[in-house]
Amino acid sequence: MANEQETPTKKPNRVLPIVLGIILIGGIIFGIKEYIYYGKHIDTDDAQIDADISPVVARVGGYVDSIFFEENGHVEKGQVLVKLDDRDYKVKLEQALSAQKGASAGVGVGQSQIVAISANSSSARAQAESAAAKLEKANKDYARYANLVKDGSVTQQQFDQAKSDRDVAAANYRAAEDEYKGALEQVGTSRNQLKVTDVGVSQRQADVDYAKLQLSYTTITAPASGIASKKNIQIGQLVQAGQTLFSIVNDNSLFVTANFKETQLTNMHNGQKVAIEVDAYPDLKLKGELYNFAPATGAKFSLLPPDNATGNYVKVVQRIPVKIKITADKETMAKLRPGMSVNVSVFKDEK
């Protein structure tokens, strides 16, 4: 018999189990790390940097005379940025001042008339008092002559003269009283006219104040400190009242608006610490604080909010805008721009 040839035994491949074991262990470690991480954090990448942006609006119309800033340049609050041609408004102010002077002169004339009429009323009062005294004397003389004429002590002619003097005195007294009353009424009328004139002066003063206010609007200043942008005016351009000239991104007003899913809000509240990563600066790690929550979902603020009262309703997880304050130095804040995309991670409270 021929010797049977021994076949070599095939060694098992141990590389594949080792690789699979490593992958399995790595997956388990990664899963544990993710479980631990998301047990302490609430993340979203649906977030961006926002800021308070102040539009600068022309309050009066006119031609642009001068521009004192550069687009994307920094401006300070109260700094003069644009000057409109103010010649028309200066003319209107001069007209208002002239009308005010005329009204004030009318007040002076009215006061002088009151003084003169008051003096006339005083004279009329004196004449009335004098006429009253003469009337009293004439009445006494008449009564005395009436008694004397009965016993013949005086003649009938003397009695008639006393009666005539009494009638004349009474007529003079009535005339003096009427003149005095007329003078008093004239004083009252002049005072009422003076009140009307005073109202006119107040109206003219209001016109002057309004003209000054309109003139001041031709000088346009920065409403806040920040970076001026979106300039859409040129020298010589005619602008209208209410037209937006440019905008200012306010300093120290940067914040993050993060749109979290409604299911993520369970463990979120004001004051929680937040980690912020900016896509434009991967190495920049920012800190923040959860400030407040929007009163409605983003869909409710859209132009055409969804109406779920339909037969084909499909439930969709909504997102709630959350405002986050940024804690950083001025140099870091200067790098940030509204609209930049960021990733935020809210730290859960430890139980």
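Kindly list the number of the only condition in (1) over 20 Å from the mean Cα position of the chain (by Cα); (2) in contact (Cβ under 8 Å) with a residue 60 or more places away in the chain that fails for F68.
All conditions are met except number (2).
If you scan region 263-297, which residues turn out to be under 14 Å from I42 (Cβ atoms), over 36 Å from the mean Cα position of the chain (by Cα) and of a type outside the set (S, T, Y)?
Matches in region 263-297: Q264, N267, A275.
Which condition from (1) under 25 Å from A211 (Cα atoms); (2) modelled with pLDDT of 90 or more; (3) not small (G, A, S) is the one that L97 breaks?
Of everything listed in (1) under 25 Å from A211 (Cα atoms); (2) modelled with pLDDT of 90 or more; (3) not small (G, A, S), L97 misses just condition (2).
Taking only pairs six or more apart or across chains, which ones have beta-carbon atoms under 8 Å, a first residue in region 84-99 that is assigned to a strand (DSSP E or B), and a second residue that is acidic (D, E)?
Pairs found: L84/D65.
Among (1) touching a helix residue (DSSP H, G or I) at 6+ places or on another chain (Cβ under 8 Å); (2) outside the structural domain of A47 (by TED's automatic domain parsing), there is one condition P306 misses while meeting the rest; what is its number?
Among (1) touching a helix residue (DSSP H, G or I) at 6+ places or on another chain (Cβ under 8 Å); (2) outside the structural domain of A47 (by TED's automatic domain parsing), P306 violates only (2).
I'm trying to understand the selection: among the residues of region 75-92, which are among the polar types (S, T, N, Q) and surrounded by fewer than 13 Cβ atoms within 10 Å (Cβ to Cβ)?
None - no residue of region 75-92 is among the polar types (S, T, N, Q) and surrounded by fewer than 13 Cβ atoms within 10 Å (Cβ to Cβ), so the list stays empty.
Among the numbered conditions (1) touching a Lys or Arg at 6+ places or on another chain (Cβ under 8 Å); (2) under 20 Å from N250 (Cα atoms); (3) not aliphatic (A, V, I, L, M), tell me where E331 comes up short.
(1)
Which residue pairs have Cβ atoms closer than 9 Å, lie 6 or more positions apart in sequence or on different chains, and pair a first residue in region 16-45 that is closer than 14 Å to V344 by Cα with a second residue that is modelled with pLDDT under 75 and exposed (fewer than 10 other Cβ atoms within 10 Å of the Cβ)?
That search, which allows pairs on different chains as well, returns K40/E350.
Determine whether region 262-269 contains at least one residue that is assigned to a loop (DSSP other than H, G, I, E, B) and more than 21 Å from L81 (Cα to Cα). Don't jump to the end; show me each part of the working.
Just the residues of region 262-269 that are assigned to a loop (DSSP other than H, G, I, E, B), to begin with: 268-269.
If we keep only those that are more than 21 Å from L81 (Cα to Cα) as well, we get 268-269.
The answer is yes, given that some residue of region 262-269 is assigned to a loop (DSSP other than H, G, I, E, B) and more than 21 Å from L81 (Cα to Cα).
Checking the conditions here, which among K323, K315, K300 is of a type outside the set (S, T, Y), farther than 30 Å from G78 by Cα and under 30 Å from the mean Cα position of the chain (by Cα)?
Working: K323 fails: farther than 30 Å from G78 by Cα; K315 fails: under 30 Å from the mean Cα position of the chain (by Cα).
Only one candidate passes the filter, namely K300.
Out of the residues in region 316-351 that are hydrophobic (A, V, I, L, M, F, W, C) and loosely packed, with under 15 Cβ neighbours inside 10 Å, which is modelled with the highest pLDDT?
At the first step, the residues of region 316-351 found to be hydrophobic (A, V, I, L, M, F, W, C) are 316-317, 320, 322, 324, 326, 328, 333-334, 336, 340, 342, 344, 346-347.
Restricting the remaining residues to those that are loosely packed, with under 15 Cβ neighbours inside 10 Å gives 316-317, 334, 347.
Working: V316: 84, V317: 88, A334: 86, F347: 91.
Result: F347.
The values are calculated or read from the model by the stated rules, or taken from the named source; none is laboratory data. All figures in this text were calculated on a predicted structure; none of them were measured in a lab. FYI the Cβ positions are ideal-geometry reconstructions off the backbone, even for glycines, and counts take in every protein chain you see.
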